[in-house]
Amino acid sequence: MRHLPYIAILATLFISCQHKQNDFEVQKELKYCEQQARKTLAQIPNDSLFPRSISKGKTNWDYVDRADWTSGFWPGILWNLYQYTGDKLFKIKADSATRELASNAYTASFDHDLGFMLYNSFGNGYRVTKDSSYKKVLLAAADSLATLFNPTIGTILSWPSMVKKMNWPHNTIIDNMMNLELLFWAAKNGGGQKLYDIAVKHALTTMKNQFRPDYSNYHVVVYDTTTGRVIKRITHQGYSDSSMWARGQAWAIYGFTMVYRETHEQKFLDFAQKVANVYLQRLPKDLIPYWDFNAPDIPNAPRDASAAAVTASALLELSTYVGEKRQSENYFDKAIAMLKELSSSKYQSREKNDAFLLHSTGNMPIHGEVDVPIIYADYYYLEALLRLKEIENTHKLKF
Ligand code: GLY
């Protein structure tokens, strides 16, 4: 009897901890994603077209072909939904959309985006099915991506097409951090140590050259190909050369967290936290960033839900690596708060269209895809929901 009050306190604590984790209904939001994706499946004209965004005033997706940098996100969504539902329809559709992209791996390397295109499609497909034909394509893609690495500079040439067009002899964009995941995967799966070394060197050089003292990043760094020296640090999709472009910072949070996962080197974990902290400190109250943290028309500037989705997914992973309990909980709680906001009627598309989310901004400086649904927002939103479910079930992350 004497112990009862203590047991009651413990029980209350346990229930309130449970409540803290469970008052966000992850299953409900996953079900929502499944239903929206079924609507898209019913609309897609054929397997060689990939949903990319929904233009203002329209309700149907605009489609792109296999060569577009976003082509891997839809197959990735289908693989994740197959994993979640076990429904063979998702597997069949994921497989055919994925196979449509194979030729990208065997074309002379044209862009760092090979990672987005092929790791999200074939990589998720291999993770879920272990189909060896997917593995072959992934290894070819990694070898192709590695041909863009310049050892004098220590980074991958992100945009070969900009070498002449913009007179950027060797350019590296922060987004490129995401595509190191393909190289790490290939190094572990028969592709060799060289791919691992390239990924680590790229991350180290980016860490050194692409960040300001406050840990916000420059979108593009242009290098001299003979000396390896930095020529200039500029933006392409952000507001200005000195501003913090929201998705660029989100790519960095995700990228350095992933590099820590693959290397277990403390310096990458410390860096991921610094990069995350400046983003978190500067967020508006509802935790969904304006497209650029320095946009001149805040609070009327468009938001970028895609940056929020990428960041939520990254913070969930980061929270599982950070040893200090308070910080780890802060990343976890912030990720859930972001997911809650994204799951509200303000950000979910619901009956308005077939996407999961509204209000992403792709390329503001050219007025491209401003304040619209974009497929990569949906991809990382679904990934974050699945990660949360995984953490709640197992207290760690398996993918
Ligand atoms: N290039 C990828 C992005 O727009 O974030």
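Every number in this text was worked out from the coordinates using simple rules, so none of it is lab data. Remember, predicted model here, so these are calculated numbers, not experimental data. Backbone-built Cβ (ideal geometry, glycine too); neighbour counts: all protein chains shown.
Choose one of Ile336, Ser360, Val310: the residue whose Cα lies farthest towards the positive end of the charge dipole of the range 289-364 (beta-carbon charges +1 Lys, Arg; -1 Asp, Glu; about the Cα centre).
Of Ile336, Ser360, Val310, it is Ile336.
Figure the gain on full extension for Val370 and Lys389 (residue separation times 0.36 nm, minus the Cα-Cα span) and round it to one decimal in nm.
Going from the current span to full extension adds 3.8 nm.
Based on Cβ point charges of +1 for Lys and Arg and -1 for Asp and Glu, what charge dipole magnitude is obtained for the chain about its Cα centre, in debye rounded to the nearest 20?
Its charge dipole is roughly 500 debye.
Treat each spin label as a single point 7 Å out from the Cα along the C-beta direction, and report the Ile298 to Met166 distance in nm.
According to this spin-label approximation, the distance is 2.3 nm.
Over the chain, with a Gaussian network built from C-alpha contacts below 10 Å, which listed residue (Lys93, Lys352, Lys340) shows the highest mean-square fluctuation?
Most flexible of the set in this elastic network: Lys352.
According to the square roots a ≥ b ≥ c of the eigenvalues of the Cα gyration tensor, what is the shape class of the chain, taking rounded for a/c under 1.5, prolate for a/b larger than b/c otherwise, and oblate for the remainder?
rounded
Counting other beta carbons within 10 Å of each Cβ, put His170, His264 in order, fewest first.
Placing the least packed residue first, the sequence is His264, His170.
What does the charge dipole of the range 89-153 about its Cα centre add up to, to the nearest 20 debye, if the Cβ of each Lys and Arg holds +1 and the Cβ of each Asp and Glu holds -1?
Here the range 89-153 has a charge dipole of around 340 debye.
Tally Lys and Arg at +1 and Asp and Glu at -1 over the other residues with C-beta under 10 Å from the C-beta of Met258: what net charge comes out?
So the surrounding residues net to -2.
Do you know the Lys pair count in the range 173-283 for C-alpha distances under 19 Å, with sequence separation 8 or more or different chains?
Number of lysine pairs found: 5.
Could you tell me the relative contact order of the range 279-353? Use alpha-carbon pairs under 8 Å, at least six residues apart, and round to a whole percent.
Here the relative contact order equals 27 percent.
Once you have the Cα-Cα distance between Asp214 and Leu280, take 0.36 nm times their residue separation minus that, and quote the gain in nm to one decimal.
22.5 nm
Suppose R0 equals 30 Å; then what is the FRET efficiency for Lys352 and Thr107 from their Cβ-Cβ distance, rounded to the nearest 0.05?
0.25
Using mean Cβ contacts within 10 Å as the protection proxy, how do 71-77, 294-300, 132-138, 345-351 order, highest first?
Going from most to least packed, we get 71-77, 132-138, 345-351, 294-300.
Using a Gaussian network model of the chain with C-alpha springs under 10 Å, which one of Asp131, Asp68, Asp241 is most mobile by mean-square fluctuation?
Judging by the Gaussian network model, the answer is Asp131.
What FRET efficiency comes out for Ala67 versus Ile92 if R0 is 35 angstrom and r is the Cβ-Cβ distance? Round to the nearest 0.05.
Efficiency computed from Cβ-Cβ geometry: 0.90.
Would you mind ranking Arg229, Arg99, Arg52 so that the residue whose beta carbon has the fewest other beta carbons within 10 Å leads the list?
If I rank by nearby Cβ atoms, fewest first, I get Arg229, Arg99, Arg52.
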